[in-house]
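Student: Questions regarding the structure given below will be posed in turn.
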Amino acid sequence: MSAPTRIIGIDPGLRRCGWGVIETAGNRLSFVAAGTVTPPIEGSLAERLALLFAGLGEVLERFAPDEAAVEETFVNSGPRSALILGQARGVALLTPAVRSIEVSEYATNLVKKSVVGTGHADKSQIQLMVKTLLPAANFKGADAADALAVAICHAHHRVANMRLKAIA
């Protein structure tokens, strides 16, 4: 059996950025940790983004993942919200990248399909399947569950992605 690979999944957000860490060895998944980085809502955008960067950095230092996976975000609540979320997503991509951790990105529908079996699953279905796939999982809230789902999705797709890179 191959050595375990530690994966962090990140569900980007400026108010609540979910993260979840799993280990995969072969086709076995195991829960490591999960949580949410919650920068304060007051302060300038730059200060809040810096706090998000610092919070994610602490998680990466503590759990030392080998790979990272970030959910591509879909927002239709207005251009300002989309722009702010995009900036938080940039921090979610940057934080592991500056630590030389390879980052993969997954569309929301692919994450849902990989974990639940349908691309239009709701939050409760995702939480139920994360708990089913990772019985030891201890998470509070949908953001941490979504981040674990991103990590699970990456665990399912990483071998195929590595093979594609090798032949490209």
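Readers should treat all values here as calculations from the given coordinates under stated rules, not as data from a laboratory. Every value quoted in this text rests on a predicted model; they were computed, and no experiment measured them. No Cβ is skipped: glycine too gets one built from the backbone with ideal geometry, and neighbour counts run over all protein chains shown.
Student: Relative to the compact globular guide of 2.2 N^0.38 Å, what is the alpha carbon radius of gyration of the range 22-112, as a ratio?
Tutor: Ratio of Cα Rg to 2.2 N^0.38 Å: 1.18.
Student: To the nearest 20 debye, what is the magnitude of the charge dipole of the chain about its Cα centre, counting +1 on the Cβ of each Lys and Arg and -1 on the Cβ of each Asp and Glu?
Tutor: The dipole of the chain has a size of about 280 debye.
Student: Another question, then. Would you compute, from DSSP H runs of 4+ residues alone, the mean residue ellipticity of the chain at 222 nm, taking -39500 (n - 2.57) per run and dividing by the full residue count, rounded to the nearest 500?
Tutor: -16500 deg cm²/dmol
Student: Suppose the chain between LYS131 and SER44 were pulled fully straight at 0.36 nm per residue; how much longer would it get relative to their current alpha carbon spacing?
Tutor: So the extension gain works out to 27.7 nm.
Student: Considering only LEU14, ALA33, LEU60, whose Cα is most displaced toward the positive end of the charge dipole of the range 1-128, charges sitting on Cβ of Lys, Arg (+1) and Asp, Glu (-1)?
Tutor: Ranked along the dipole, the leading option is LEU14.
Student: Per residue and in cubic angstrom, what volume does the convex hull of the Cα atoms of the range 1-52 have?
Tutor: Hull volume over Cα atoms, normalised by residue count, gives 69 Å³.
Student: For the chain, what is the number of Lys pairs with C-alpha distance below 16 angstrom, counting only pairs 8 or more positions apart or on separate chains?
Tutor: 7
Student: Under the 0.36 nm per residue contour assumption, what length would be gained going from the current alpha-carbon distance of SER124 and ALA160 to full extension? Before the final figure, lay out each step's value.
Tutor: On the way: separation 36, 0.36 × 36 = 12.96 nm, distance 2.85 nm.
Full-extension gain reported as 10.1 nm.
Student: I would also like to ask the following. I want to check the label-to-label distance for ARG62 and GLU102. Put each point 7 Å from Cα in the C-beta direction and report it in nm to one decimal.
Tutor: Taking the simple label geometry, ARG62 and GLU102 are separated by 2.7 nm.
Student: Taking Rh as the Kirkwood radius computed over C-alpha pairs, what is the Stokes-Einstein D of the chain at 10 °C in a medium of viscosity 1.306 mPa s, expressed in µm² per second?
Tutor: So the translational diffusion coefficient is about 100 µm²/s.
Student: Provide, for q = 0.15, 0.17, 0.24 Å⁻¹, the log10 of I(q)/I(0) from a solvent-free Debye sum over equal Cα point scatterers in the range 64-149.
Tutor: Log10 of I(q)/I(0), two decimals: -0.64, -0.81, -1.25.
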